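Here is the structure we will look at, set down as structure tokens.
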Amino acid sequence: MDSLTQIVLGASVGETTLGKKVGNKALLYGAIAGTIPDLDVFIGKLTDTITATEWHRGFSHSIVFSIIMAPLLGYLINKFERKLNLGWKPWAMLFFWGLFTHPLLDAFTTWGTQLFWPFDWRVALNSIFVVDPLYTLPFLICVILVLFYSRSSKKRQRINQIGLTISTSYLLLTLILKSYATTKFEQALKAQNISYNEISTRPSPLNTILWNANIDAKDNYLIADFSFFDTQPITFRSFPKNREKSKELLSKTNVQRLITISEGWYILEQKDNNWFFNDLRFGLIPRKNKIPMFVFSYLLEDNDGVIIATEVAKTRSDAKFLLSSLWVRFKGN
């Protein structure tokens with residue numbers, strides 16, 4: 001999830017753990033704990049695109065990382081806050097839950113987390129977008145209200161519990177909404193006599209009303225969307241996999257690494273004598289010129305036999321058109 005959401009979650013978890021003993025400092029250190037796993041983004045800037053993508057939400061988002069870092073951070077904060085005389089263990093507990101709930105929340109997103117590192121399995125439930133106001137805003141309001149009460153106030157504890165309850169309930173609701181949307185896609189495929197091997201669904205940006213689907217249909221991928229306000233049948237757009245045309249590229253090590261990252265949901269596309277690797281997991285960006293563009297697309301360049309991948313940049317105009325298109329599509333077809 002986005003940084004603000006993780007700060008809010010971390011602060012609330014910190015309040016739950018040590019709020020009664022240290023007051024607002026629990027919110028502060030909880031918020032810090034909630035941001036630490038995402039420092040892998042800055043580390044990734046020191047390396048190439050593929051390696052940075054592999055590292056993102058890897059070790060720093062694992063149970064192992066939480067277990068290792070919690071006592072270290074607990075020890076340091078206990079030294080810094082020695083006047084409170086709490087000992088390192090309560091601080092370690094705060095940091096463990098602040099660090100651990102971060103990847104737990106991220107596991108509900110499309111990117112997922114390598115929660116069980118060093119194992120390669122990435123946990124991605126695909127039920128919430130990385131930015132979702134319905135999750136964050138009520139939670140944020142509750143955390144802000146907590147600041148107006150003393151640490152011994154029962155209202156303070158109750159408000160924090162309300163924030164955690166609402167946010168957790170919404171997360172569980174997203175799983176139900178995903179199941180319903182997936183059923184709708186499956187019914188549409190059956191009604192249109194479309195055979196397929198696999199289907200993957202996820203919410204569109206900023207909401208859980210409009211859903212997207214990728215369908216593996218042998219030599220092609222089908223991509224579709226569905227809003228709970230739709231009145232017309234679901235339509236599927238076909239995109240060729242181009243596996244035969246890209247055989248030479250598929251043998252390259254760095255392309256294989258990208259395939260692993262995409263969990264097999266990818267298209268290799270040739271445009272203007274250049275090859276592009278499109279990661280299908282995050283869907284398409286609608287554009288004014290009607291030319292399809294994938295959210296994550298990489299230009300592949302051959303450098304003495306080694307494939308170099310460069311992410312295709314998105315523009316502000318792309319973002320503006322995306323938001324306006326989403327609102328129109330959100331309201332149904």
| query | Which residue, 308, 128, 267, has the most motion in a Gaussian network model of the chain that connects Cα atoms within less than 10 Å? | reply | 308
| query | Mind checking which lysines have their C-alpha under 21 Å from residue 83, skipping anything on the same chain fewer than 8 residues away? | reply | 20, 21, 25
| task | Express in nm, to one decimal, how much length is gained between residue 304 and residue 195 on full extension, taking 0.36 nm for each residue of separation and deducting their alpha carbon distance. | result | 35.1 nm
| query | Using the reciprocal of the averaged 1/r over all distinct C-alpha pairs, how large is the Kirkwood radius of the chain in Å? | reply | 21.8 Å
| At a Förster radius of 56 Å, what calculated FRET efficiency corresponds to the Cβ-Cβ distance of residue 116 and residue 150, to the nearest 0.05? | 0.90
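With r defined as the distance between the Cβ atoms of residue 253 and residue 84 and R0 fixed at 41 Å, what FRET efficiency is calculated, to the nearest 0.05?
Working: r = 52 Å, r/R0 = 1.27.
The value I calculate is 0.20.
Let me have the 222 nm mean residue ellipticity of the chain computed from DSSP H runs of 4+ only, each contributing -39500 (n - 2.57), with the sum over all residues rounded to the nearest 500.
Computed ellipticity for the chain at 222 nm equals -15500 deg cm²/dmol.
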| said: Cross-link candidates for residue 271: which lysines have Cα within less than 16 Å, leaving aside residues fewer than 8 places away along the same chain? | reply: 241, 245, 290
| query | Tell me, how many Å apart are the Cα centres for the range 94-133 and for the range 1-52? | reply | 13 Å
| note | The percentage of the accessible area of the range 202-333 (probe 1.4 Å, all protein chains present) made up of carbon and sulfur atoms, to the nearest whole number, is 54 percent
| said: Can you classify the range 214-333 as rounded, prolate or oblate using the Cα gyration tensor, where a ≥ b ≥ c are the square roots of its eigenvalues, rounded means a/c under 1.5, and otherwise it's prolate if a/b beats b/c and oblate if not? | reply: prolate
| remark: Whole-Hz Karplus couplings 3J(HN,Hα) for the range 54-69, θ = phi - 60° and coefficients 6.51, -1.76, 1.60, Gly and Pro as x, run 5, 6, 4, 6, x, 3, 5, 10, 10, 4, 4, 4, 4, 5, 6, 6
| said: Taking 25 Å as R0, compute the FRET efficiency from the Cβ-Cβ separation of residue 130 and residue 317 and round it to 0.05. | reply: 0.70
| field | Most fluctuating residue given options 272, 48, 225, as computed from a GNM of the chain linking Cα atoms under 10 Å | value | 272
| said: Cut-off 20 Å, label point 7 angstrom out along Cα-to-Cβ of residue 187: give me the residues of the range 308-331 whose amide nitrogen falls inside. | reply: 330-331
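Net charge within 13 Å of residue 31 by Cβ-Cβ distance, Lys/Arg positive one each and Asp/Glu negative one each, not counting residue 31 itself?
The answer is -1.
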| request: Answer rounded, prolate or oblate for the range 43-178, using the Cα gyration tensor with square roots of eigenvalues a ≥ b ≥ c: rounded when a/c is under 1.5, else prolate when a/b is larger than b/c, else oblate. | output: oblate
| task | Using a 1.4 angstrom probe on the protein heavy atoms only, line up 152, 324, 167 by accessible area, largest first. | result | 152, 324, 167
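The values are calculated or read from the model by the stated rules, or taken from the named source; none is laboratory data. Here the structure is a predicted model, which means the values were calculated and not measured. FYI the Cβ positions are ideal-geometry reconstructions off the backbone, even for glycines, and counts take in every protein chain you see. For the accessible areas, the whole protein counts, side chains as well, though only heavy atoms, and no ligand, DNA or RNA atoms are used. Shrake-Rupley method; radii C 1.70, N 1.55, O 1.52, S 1.80 Å.
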